[in-house]
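K.L.:
What follows is a single structure, and I will ask about it in a moment.
The values are calculated or read from the model by the stated rules, or taken from the named source; none is laboratory data. Just so it is clear, the structure is predicted and the values come from calculations on it, not from any experiment. Cβ coordinates were reconstructed from backbone atoms using ideal geometry, including for glycine residues, and neighbour counts include every protein chain displayed.
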Amino acid sequence: MTPRKTALKTFAVLSAAALTSGVCASAATASPQAFAQVQAAAISNATQVADSLGATSGGIYLENGKAVVNVTDDASVQKVEAAGLTAKKVKHTFAALTGVKNQLDAVKNVPQTAWGIDTKTNQVVVKVYDAASKGTADKVAAAAAQYGDSVRVEHRTGKLSLYIADGDAIQNDQGRCSLGFNVTRGGEPFLLTAGHCTNLGGTWAGGDVSGAQVVESDCPGADSGLLTRPNGSGPGEINTGQAITSAATPTVGEQMQKQGSTTGGGSGEVTSVDESVNFDVGVLNHEFGTTAHTDHGDSGGPAYDGSKGLGTLSGGDTVTSYFYPLTLELQSYGLELA
């Protein structure tokens, strides 16, 4: 994808509470934007070092804003430490974990389960919700058991649900959602939101937009949707005034922020990447999990880290909120951000 300006704007306009402050103990005296810059530099440096290791890289994660590079041999430990970064010796390479995750993706028709990579624990984490049938739980557990200690199975209470209900920023006669980002394609303005919202079809309205029509809708598989913006383009910023100047791939341990029309602002931590989440409507691929609190009506709202846009909300449970990566949405639809 060619370089493009990636200024973003959330369109969640209801109940926009103030962002929580102090994203972690080491940054208690720093503004969220200043800490985001520290995280961005740490991720960039660690990614370059990890990429240079090739097959011995176990991936990276953040711990209180500082990068840790997983490695599988002593020579790589020395290389990482020589670059001034923290090394952690692990058993599994990131490529191996990705291979396991991809093999699990072959397990189909297993709603109320999910799996993704947690580089902190050097494992693929499989989540089985108590809303899953016994047959589904047994099927997923049997598949996970084939991969030994590269997989950890967690049993979760509650139920996975896509967040589309009362309290959303925009609505039609089928449902309500939050819009995430102002985007353009071929110079024309559009609005990016969740695909499970645009799957409802119809004409959408809310805030300074009326008569918005669905032009793209992908869910399940992806969770992306695109609406026309009949009232012109909007500014490239979150509705708090936070400018967003790039779209980035999330990193485990990264502190992030979110906006939603039901729960307003908030923060959390990225807990998994490249996760396959089996909602009742089908599997959503490449999601990233976070500890941010969201609820029905927040669907389509943005996750971001300072000036970096990360993704749009799909849904989750009372513990984990899942977002679909913004970088994939831009690439899939050939978009630039307003």
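Results for (1) in a loop (DSSP other than H, G, I, E, B); (2) of a type outside the set (Asp, Glu); (3) under 22 Å from residue 141 (Cα atoms); (4) in the same structural domain as residue 138 (by TED's automatic domain parsing), shown as yes or no for each residue.
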position	(1), (2), (3), (4)
69	no, yes, no, no
75	no, yes, no, no
80	no, yes, no, no
84	yes, yes, no, no
99	no, yes, yes, yes
103	no, yes, yes, yes
106	yes, yes, yes, yes
109	yes, yes, yes, yes
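K.L.:
Just to be sure I understand, how many residues within the stretch 314-338 are outside any helix (DSSP H, G or I), of a type in the set (A, V, I, L, M, F, W, C) and within 24 Å of residue 231 (Cα to Cα)? Give the derivation first.
P.N.:
Initially, the stretch 314-338 is screened for residues outside any helix (DSSP H, G or I), giving 314-325, 334-338.
Applying the additional criterion that residues be of a type in the set (A, V, I, L, M, F, W, C) yields 319, 323, 335, 337-338.
Those left that are additionally within 24 Å of residue 231 (Cα to Cα): 335, 337-338.
Result for the stretch 314-338: 3.
K.L.:
Another one. Please verify whether the stretch 170-177 includes one or more residues that are in contact (Cβ under 8 Å) with a residue 60 or more places away in the chain, touching an Asp or Glu at 6+ places or on another chain (Cβ under 9 Å) and of a type in the set (Lys, Arg).
P.N.:
Yes.
K.L.:
crowded, with 24+ Cβ neighbours inside 10 Å, touching a helix residue (DSSP H, G or I) at 6+ places or on another chain (Cβ under 8 Å) and within 18 Å of residue 113 (Cα to Cα): is that true of residue 321 in this structure?
P.N.:
no
K.L.:
Could you tell me whether residue 268 is in the same structural domain as residue 335 (by TED's automatic domain parsing) and either closer than 30 Å to residue 210 by Cα or crowded, with 24+ Cβ neighbours inside 10 Å (or both)?
P.N.:
Here the answer is no, as residue 268 does not meet what is asked.
K.L.:
A follow-up question, please. Are any residues in the stretch 196-244 in contact with a Lys or Arg (Cβ under 6 Å, 6 or more places away or on another chain) and outside any strand (DSSP E or B), and if so, which ones?
P.N.:
234, 235, 236
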